[in-house]
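The structure appears below as structure tokens.
The values are calculated or read from the model by the stated rules, or taken from the named source; none is laboratory data. Given the structure is predicted, the values throughout are model-derived calculations rather than measurements. For neighbour counting, all protein chains shown are included, and Cβ atoms are generated from backbone atoms with ideal geometry for every residue, glycine included. The protein model used for the area step is the full one, side chains on, heavy atoms only, and it has no ligands, DNA or RNA in it. Shrake-Rupley method; radii C 1.70, N 1.55, O 1.52, S 1.80 Å.
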Amino acid sequence: MTTRTQATILPPVMQARRWIEGRVFPAEKPLLNVSQAAPLDPPPDALRAYMAEVALHDDAAHLYGPVLGLPDLRAEIAAQWRAAYGGTVDAAQVAITSGCNQAFAAALACIAGEGDEVILPTPWYFNHKMWLDMQGVAAVPLPTGADMVPVAQDAAGLITTKTRALVLVSPNNPTGVEYPPETVRAFYELAKSRGIKLIVDETYRDFDARDGAPHDLFDDPDWAQTLVQLYSFSKAYRLTGHRVGAMVTGADLLQEAEKFLDTVAICPNQIGQRAALWGMQNLGDWLGGERLNILARRAAIQQNMPKIAAHGWTLLGLGAYFAYLEHPFDMASDALAQDLVDKAHVLALPGTMFMPDGHEDGQKQLRVAFANVDPDQISTLFDRLAAYRPAV
């Protein structure tokens, strides 16, 4: 017998880490790790000081809390979402989860069952595909064009009686592309017309290059019947190890999700939730600065791209934490990624990790996560890519 986990791929980031396990890279050419999108720095000092105070003096932070999260945090998200997106969002339509991945898992537990289908644009976020595989839900790939933006009309042709949801990630992981508001709206209208859910993962919304709301879905008075929005505090406040995410959707769906969340984790991390609330209320200017830092690194990617474009590389997508590249070599991207470790001392993830098995496009693509490399390191990265040549 093959179990569901045995039929699921190994975690890609962990696979990539094994490529450098035990390796020592020289000081004159250190490893440039652009494989992981999580911030490597801890939370800012003011937030860490607050968390220490909570740990020492808030006894309730060490106990079980409400399954759907701290009421004050749920209310704060609702208020800030109303200000950011417009429309009406109530605290009862917000749940706090143990990271955004758990929010996706909880949503799918309520939406889809054995043998159902969920449509994922490709390249897809591998953890979404992994969770569907582990639940016996078929991931139906929706190819994207040269601009890496999915088309709702194409998705319409893939919907069957088994389809339970469409999934969008914007800004996208792995491509970085920011989906136009009209694209998000078209997918919403499609989902609404077919009586299925639209799951929109906005983990990287705080680093969108555009000003203002990225879509207007919350303006629809009936949004909660169709939309399931996911969010992460890991990127915004560097709370990766504290696992705090959110799901915003109808209160009836959250009532179902409560069963899943209570069974899996009972409640989200209590100190992490308090940190997220304090961050939302006190670190707006700091977060704005973090966004500007990311935008500066995005600009550095654009400035350095000619170095490798001259050698046949193509920039397919850029935004949030990611640059998505097409390489010019006659070799599969998974082999290329490992060869880059050896020859260029660069650790990146191959497109094969974001595509169905054997997909031709995945063989030619590479994801660069640039949130943890500064503009000078980005320049060095592109120098190394420009100088790289595979073994003949």
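Numerical summary
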quantity: Burial ranking of peptide ranges 166-173, 208-215 (average Cβ count within 10 Å, highest at the top); calculated: 166-173, 208-215
quantity: Dipole magnitude (debye, nearest 20) for the chain, charges at Cβ of Lys, Arg, Asp, Glu; calculated: 740
quantity: The chain, accessible surface, carbon-and-sulfur percent (1.4 angstrom probe); calculated: 51
quantity: Beta bridges by DSSP in the chain, antiparallel share as percent, to the nearest 5; calculated: 50
quantity: Whole-number accessible area per residue in Å² for region 288-392, which is evaluated in the context of all protein chains at 1.4 Å; calculated: 39
quantity: Alpha-carbon Rg with Dmax, taken over region 60-120, Å; calculated: 14.4, 42
quantity: Per residue accessible area of region 103-209, 1.4 Å probe, in Å²; calculated: 32
quantity: 222 nm mean residue ellipticity, helices alone, for the chain (DSSP H n ≥ 4; -39,500 (n - 2.57); rounded to 500); calculated: -13000 deg cm²/dmol
quantity: Solvent exposure, largest accessible area first (probe 1.4 Å, DNA, RNA and ligands not counted), of His62, His242; calculated: His62, His242
quantity: Ranked by how many other beta carbons lie within 10 Å on average, peptides 79-92, 32-45 from highest; calculated: 32-45, 79-92
quantity: Between helix 251-264 and the chain: long-axis angle, C-alpha atoms, 0 to 90°, nearest 10; calculated: 70
quantity: Fraction in percent of alpha-carbon pairs per bin - 10 Å, region 235-392; calculated: 9, 29, 25, 22, 13, 2
quantity: Alpha-carbon Debye profile of region 208-276, log10 I(q)/I(0) at 0.21 Å⁻¹; calculated: -1.05
quantity: Taking the C-alpha atoms of region 337-392, convex hull volume expressed per residue in Å³; calculated: 90
quantity: Of Lys235/Lys343; Lys129/Lys307; Lys129/Lys162; Lys162/Lys364; Lys162/Lys192, pairs whose Cα-Cα distance is over 25 Å; calculated: Lys235/Lys343; Lys129/Lys307; Lys162/Lys364
quantity: In degrees, nearest ten, helix 181-194 long axis to first principal axis of the chain (Cα); calculated: 50
quantity: Percentage, to the nearest whole number, of Cα pairs in the chain over 27 Å apart; calculated: 50
quantity: Packing-based ranking, highest mean first, of 144-150, 228-234 given that Cβ atoms within 10 Å are counted; calculated: 228-234, 144-150
quantity: Student exercise, region 1-85 dipole from Lys, Arg, Asp, Glu Cβ charges, in Debye to nearest 20; calculated: 620
quantity: Euclidean distance of C-alpha centroids, region 118-155 and region 219-237, integer Å; calculated: 19
quantity: Region 302-341: relative contact order as a whole-number percent, Cα under 8 Å and 6+ apart; calculated: 26
quantity: Euclidean distance of C-alpha centroids, region 335-392 and region 28-45, integer Å; calculated: 16
quantity: The chain: angle of helix 270-282 to the longest principal axis, Cα-based, in degrees nearest 10; calculated: 80
quantity: For region 81-209, the spread of Cα positions along each principal axis, largest first, Å; calculated: 39, 35, 28
quantity: Hydrodynamic radius (Kirkwood) for region 1-144, which is based on Cα pairs only, to one decimal in Å; calculated: 19.5
quantity: Cα pair distances in region 123-188, grouped into 5 Å bins until the bin that holds the longest one, percent each; calculated: 3, 15, 28, 25, 20, 8, 1
quantity: Region 176-252: relative contact order in percent, alpha carbon pairs under 8 Å with at least 6 residues between; calculated: 30
quantity: Debye intensity ratio I(q)/I(0), log10, region 237-280, q values 0.13, 0.32 Å⁻¹ (C-alpha model); calculated: -0.33, -1.09
